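Trainee: This is the structure, below, for whatever I ask next.
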Amino acid sequence: MNIDDVRKVLLLGAGTMGQQISVPCSLAGYDVVIYDINEDALTKAVERIQKILSGFVLMEKCTQEQADAALQRISITTDPEYAAQEADIISESVPEKLDLKVKVYSQFNQLCPQRTIFTTNTSTFMPSMFAEATGRPDRFLALHYHDVNVTNIVDVMPHPGTSKESIQLIKDFALKTGQLPIMMEKEHSGYVFNYMLGALLSAALALKTKNVASIEDIDRAWMGVTHMKAGPFALMDGIGLDTMLSVTEYLAEKNNDKHARKHAQFIRSYVEKGHLGKKTKKGFYDYT
């Protein structure tokens, strides 16, 4: 299969990243199916996608006509067999739980055509950790998106068993959907940007958990010197504090890091209140 053969993209997971990934794919002319086990999540996803597309129109990234056509190319389903039919590329954005990802990949390996390329949008795990579970390790790699509202950067990260043909196809797919692929030569935790960002977020959490300064002043310090529009705590609100918690807890256990455990405990105090960041209108900051 080459890039001209790709017609249908299947997105596993109707959360924040599934919603965002659907936009450049549908705008590029691909049929997009979003699969989730939760009907309510799918309904909310369509509402959110409409808002993202409206934002694209306002930012002049597309016309209203293009946005309307893109929305028509997106469908939703809770039926895995229907979702898998004729899928050419899968993008997986289910919650960051290794056993769940293994289960989902094993399920869709049985349902998808042999030609289907599987990709993961994981922020935490290495593709090699569940490559075998896909049943097609040579046609599996990471295609990691950031916030499509602000950047078109994507990370392309193969594992040692990914074929050169699969890497090339996903690079071509990224380019055709208007993304700028960062081609990684080996597996690395955090990809490129996230690895650098992780150091910033960890430093900010350390300053707060040590009571060095307030959340607001930590963000002001970063913004005031770098002239960036958001500080580290606002960035975490955008990522989602539930995602931040999963990543921080995983790294704390993996590295036996007592500081990371303290950071996770701090983030958990917000998550347990349902304050997950921008998507719930409240996180470190109030967005109501």
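Values quoted throughout were computed directly from the atomic coordinates according to the rules given, and no laboratory measurement underlies them. None of the values given here were measured: they were computed from a predicted structure. Every residue, glycine as well, gets a Cβ built from its backbone with ideal geometry; the counts of neighbours run over all protein chains shown.
Trainee: Restricting attention to the stretch 233-286, which GluC sites (Glu not before Pro) occupy a DSSP loop and are surrounded by at most 15 other Cβ atoms within 10 Å?
Mentor: Of the GluC sites (Glu not before Pro), the ones in loops of the stretch 233-286 whose Cβ has at most 15 other Cβ atoms within 10 Å are Glu272.
Trainee: I'd like to know how the stretch 193-280 sits against the 2.2 N^0.38 Å rule of thumb: what's its Cα Rg over that expected value?
Mentor: 1.03
Trainee: Going by C-beta contacts inside 10 Å, put Leu200, Leu207 in order with the fewest on the left.
Mentor: Arranged by neighbour count, lowest to highest, Leu200, Leu207 become Leu200, Leu207.
Trainee: In the chain, what % of DSSP beta bridges are antiparallel (nearest 5)?
Mentor: Bridges in the chain that DSSP calls antiparallel: roughly 25 percent.
Trainee: Related question: Hey, any idea what Rg/Rh is for the chain, computing Rh the Kirkwood way over Cα pairs?
Mentor: Radius of gyration over Kirkwood radius for the chain works out to 0.96.
Trainee: Further question: Each label point is 7 Å from the Cα along the Cα-to-Cβ direction; what then is the distance between the points at Gln107 and Glu39, in nm?
Mentor: About 1.7 nm, to one decimal.
Trainee: Can you list which of the trypsin sites (Lys or Arg not before Pro) found in the stretch 147-242 are DSSP loop residues with at most 10 other C-beta atoms within 10 Å?
Mentor: For trypsin sites (Lys or Arg not before Pro) across the stretch 147-242 that sit outside H, G, I, E and B with at most 10 neighbouring Cβ atoms in 10 Å, the list reads Lys186, Lys210, Lys229.
Trainee: For a bin width of 10 Å, list the pair-distance distribution of the stretch 58-110 built from all Cα-Cα distances, rounded to whole %.
Mentor: 17, 38, 26, 18, 1
Trainee: For the pair Lys164 and Ser189, how long in nm is the line joining their label points, each one 7 Å along Cα→Cβ?
Mentor: For Lys164 paired with Ser189, the spin-label model returns 3.2 nm.
Trainee: Something else now. Among Lys282, Lys103, which comes first, second and so on when ranked by fewest other beta-carbon atoms within 10 Å?
Mentor: Lys103, Lys282
Trainee: Can you pull the one-decimal nm distance between simple spin-label points at Lys262 and Thr151, each 7 Å off the Cα toward Cβ?
Mentor: My value for the distance between the label points is 2.9 nm.
Trainee: Kindly put Val225, Val6, Val46, Val148 in sequence by how many other C-beta atoms sit within 10 Å of each C-beta, fewest to most.
Mentor: Val225, Val46, Val6, Val148
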